1. Report, by chain and number, residues whose modeled amide H sits under 5 Å from the one on W216, excluding near sequence neighbours (fewer than 5 apart, same chain).
2. How long is the gain from S309 to V140 if the chain were fully straight, where each residue apart is worth 0.36 nm and the alpha carbon distance is subtracted?
3. Hey, if you put +1 on the Cβ of every Lys and Arg and -1 on every Asp and Glu Cβ in region 176-242, which of N183, F240, T209 ends up farthest toward the positive end of that dipole?
4. Identify the trypsin sites (Lys or Arg not before Pro) of region 313-407 meeting these criteria: DSSP loop state and at most 11 other C-beta atoms within 10 Å of the C-beta.
5. So if I place +1 on the C-beta of Lys and Arg and -1 on the C-beta of Asp and Glu, and nothing else carries charge, what would the dipole magnitude of region 256-407 be about its Cα centre? I want it in debye, nearest 20.
6. Using modelled amide H (1.01 Å from N, peptide plane; none on Pro or chain starts), what sits under 5 Å from the amide H of L50, excluding residues fewer than 5 places away?
7. Read phi for every residue in region 49-61 and hand back ³J(HN,Hα) as whole Hz from Karplus 6.51 cos²θ - 1.76 cosθ + 1.60, θ = phi - 60°, with x for Gly and Pro.
8. About the Cα centre of region 104-218, what is the dipole size in debye to 20, counting +1 per Lys and Arg Cβ and -1 per Asp and Glu Cβ, all else neutral?
Amino acid sequence: MLRTTRWVAAIIFLYSFPGYAEETFDTHFMIGGMRGKKVSEYRFDNKQPLPGNYELDVYVNHQWRGKQDITIPESPAKPCLPKVLLTTLGVKTDNLNTEDNCILLDEAVHGGQYQWDISEHRLNLTIPQAYINELERGYVPPESWDRGIDAFYTSYNLSQYRSYDSNNNSNTASYGRFNSGLNLFSWQLHSDASYSKPDDMKGTWQSNTLYLERGWSQILSTVQIGENYTSSLIFDSLRFSGIRLFRDMQMLPDSMQSFTPLVQGVAQSIALITVSQNGYIIYQKEVPPGPFTIADLQLSGSGSDLDVSIKEADGSVRSFLVPYSSVPNMLQPGVSNFDFIAGRSKIYGVKNQEDFLEANYIYGLNNLLTLYGGTILSDNYNAITLGNGWNTPLGAISFDATDRVVS
């Protein structure tokens, strides 16, 4: 009997094997729309999060762009990015003709990629550099501008001159200049006035400029109303009384206030872009795979070409040359400058003043060509100017022609 028991135990041991039971979860413990559904329909890992709304740290090309509310639809499990959010993240949306609240990244940007890290509440977006609105170092975007406080200010310069002749008779002249302003309700009042009093004569006040001004950040412009001077953008400057709307170039990043060429290319991998001028490295940046555009160069001088090298992840290097020379009125590709004026001339010493309209416009077409034109219209004087500036390998050249009609 004992021998039989040993054989049975041996047989049981020989035929034993591990068994695994499938994990189950009673969804009746869950509430809301999940009650009674199959848990296998949902993903419990960091790579594919559950559908719903999340507040995540969003990184674009390894740069933190803030905490954002991200929606994950049922299918596909990709992040929904409204157009307004893409703009906030710095993605170019000019060619995106939709206001849909659920735009998939690969629909908005060719070559765009995303990666979840739900354990860190993080969404990583990789976007080709050419589709990103890069913020130049030191530049503050319009939505962060502050109009300042309501205040009055003034600065002045006072002087008095006294001379004596051979008979010890004195001659005294007094002069004062006052530059004052008032900031109130987002408007600024500017005044430039002077007071002069020759000896034994009545003192006189003279106003040089007196105008109201307000910045218009939506179009990066400023509007002025009152007595001021026209710009010398294309035509000669003159004093006038009226209204003026112009592009305020100080609202743009430093690199866009004058002509600098765009450096464009395609990176085959994560690449290091190096820009040199006169043998000195003036710019260096790492870019993701895909097309890239470098628009925030700050160059010294106006006649030295740019040497550009692209060093790929495998160590290979490609180089090319970007011609660079400029003349006045040239602008970076895609940048425009304008100045519109309606008013009446106030030229000192001229008896018959005239109402007039003046319009000036400059546009950087590409790395080689900037176009500009302007016109003045009045009853007795009309003028029109058309011109262009060329950036060529041989240097910068500017041509313009003006037609005037005087009656």
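1. S221, T222, V223
2. Numbers: separation 169, 0.36 × 169 = 60.84 nm, distance 2.94 nm.
Stretched out fully, the S309 to V140 stretch lengthens by 57.9 nm.
3. It is N183.
4. Numbers: sites: R318, R344, K346, K351, R404; in loops: K346, K351.
Answer in residue order: K351.
5. Details: 7 positive and 13 negative charges, 33 e Å.
Approximately 160 debye in magnitude.
6. Excluding prolines and chain starts, which carry no amide H, there are no hits.
7. 3J(HN,Hα) across region 49-61, in whole Hz: x, 5, x, x, 10, 10, 9, 10, 7, 9, 10, 10, 6.
8. So the magnitude is around 720 debye.
Every read-out reported here was derived from the displayed coordinates using simple, explicitly stated rules and does not represent laboratory data. These numbers were taken from a predicted model, which means no experiment stands behind them. No Cβ is skipped: glycine too gets one built from the backbone with ideal geometry, and neighbour counts run over all protein chains shown.
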